[in-house]
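First up is the structure itself, then whatever we jot down about it.
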Amino acid sequence: MPRKARIQFEGARYHVMSRGNRREFILGDDDDKKLFLETLEQTCDKMKWVVHAYVLMGNHFHILLETPWANLSEGMRWLQGTYGMRYNRRHGLVGHVWQGRYKSPLISDEEDGYFRTVSQYIHLNPARAQLLSKKDPKLRDYLWSSFPKLIGAPSKRPFWLSTEDTLRSYALPKDDATSRRKYRDRMESLAKACIQGELTEEQEEARKQLERGWYIGEKSYRDKLEDALNNAVEGRKKGSL
């Protein structure tokens with residue numbers, strides 16, 4: 001991501017990803033994953049973040065989050081720093097836990113398709129990694145993603161996990177049993193296609209685009225971001241005179 005793109009926005013959506021140092025399994029067992037989710041919940045409470053999707057994958061994580069305040073950097077420092085200290089304490093270790101700076105491309109708000117693509121990418125990680133049952137693969141059986149919670153009863157979801165935009169991106173207007181079932185069936189079908197190597201060329205190309213760049217969207221979205229970033233940089237320069 002260009003240095004100037006680290007300027008933050010209110011109400012922005014990001015696809016945040018970070019890996020363990022030297023690709024080590026810093027989310028290796030169930031207790032590590034529970035500890036990370038507890039720390040993420042505390043971060044959301046402090047920073048007022050809204051999480052739309054997440055997955056924990058052993059040596060890395062993905063989160064689709066929204067920042068009502070312009071505080072992604074502050075929140076990520078707290079999340080990664082706090083989890084790092086807790087992880088080291090639990091395992092009797094010292095030193096760096098995370099591998100360099102996290103990635104956080106901005107997601108276009110011009111249409112729901114980009115949001116949906118990122119959400120799918122995150123939730124399909126266990127299928128791509130062949131972590132589901134080979135006999136009867138079900139995405140809902142992977143407990144360390146938001147998918148089982150999104151399709152379950154609202155009363156059992158954490159306060160920081162939102163379903164409204166996810167369902168709307170599939171043209172499902174309400175968080176009711178019918179909409180959740182339709183969403184579940186669509187994602188389970190994609191998971192099976194992913195495992196069997198039957199995703200379309202368009203879906204594969206979308207996946208590749210998510211793995212590079214500092215924004216996710218059309219060129220018009222990039223232009224809008226660059227204008228906003230340049231204006232912010234100019235404002236800072238004038239303020240320092």
**OP:** Would you mind stating whether Val97 is farther than 19 Å from Lys149 by Cβ, touching a helix residue (DSSP H, G or I) at 6+ places or on another chain (Cβ under 6 Å) and either surrounded by fewer than 16 Cβ atoms within 10 Å (Cβ to Cβ) or modelled with pLDDT of 95 or more (or both)?
**Re:** yes
Original post:
Hey, among the residues in the range 67-94 that are among the hydrophobic types (A, V, I, L, M, F, W, C) and touching a residue at least 12 places away in the same chain (Cβ under 8 Å), which one's surrounded by the most Cβ atoms within 10 Å (Cβ to Cβ)?
Top reply: Leu79
**OP:** Could you check how many residues of the range 143-185 are part of a loop (DSSP other than H, G, I, E, B), of a type in the set (Lys, Arg) and open to solvent by less than 80 Å² (accessible area, probe 1.4 Å)?
**Re:** 1
Subject >> In the range 12-30, the residues that are open to solvent by 80 Å² or more (accessible area, probe 1.4 Å) and in a helix (DSSP H, G or I) >> reply: Arg22, Arg23, Asp30
**OP:** Kindly check whether there is at least one residue in the range 97-113 that is assigned to a helix (DSSP H, G or I) and of a type in the set (A, V, I, L, M, F, W, C).
**Re:** no
**OP:** Determine whether the range 40-62 contains at least one residue that is assigned to a strand (DSSP E or B), touching a residue at least 40 places away in the same chain (Cβ under 8 Å), open to solvent by 10 Å² or more (accessible area, probe 1.4 Å) and within 17 Å of Gly11 (Cβ to Cβ).
**Re:** yes
**OP:** Could you list all residues from the range 122-142 that are buried (at least 22 other Cβ atoms within 10 Å of the Cβ) and touching an Asp or Glu at 6+ places or on another chain (Cβ under 9 Å)?
**Re:** Pro126, Leu139
Original post:
Mind checking which residues of the range 190-218 are more than 22 Å from the chain's Cα centre (by Cα) and modelled with pLDDT under 80?
Top reply: Thr200, Glu201
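The values are calculated or read from the model by the stated rules, or taken from the named source; none is laboratory data. As the structure is a prediction and not an experimental result, all values here were calculated from the model. Here Cβ is always computed from backbone atoms with ideal geometry, including for glycine, and neighbour counts include all displayed protein chains. Surface accessibility is based on the protein's heavy atoms, side chains included, excluding ligands, DNA and RNA. Shrake-Rupley method; radii C 1.70, N 1.55, O 1.52, S 1.80 Å.
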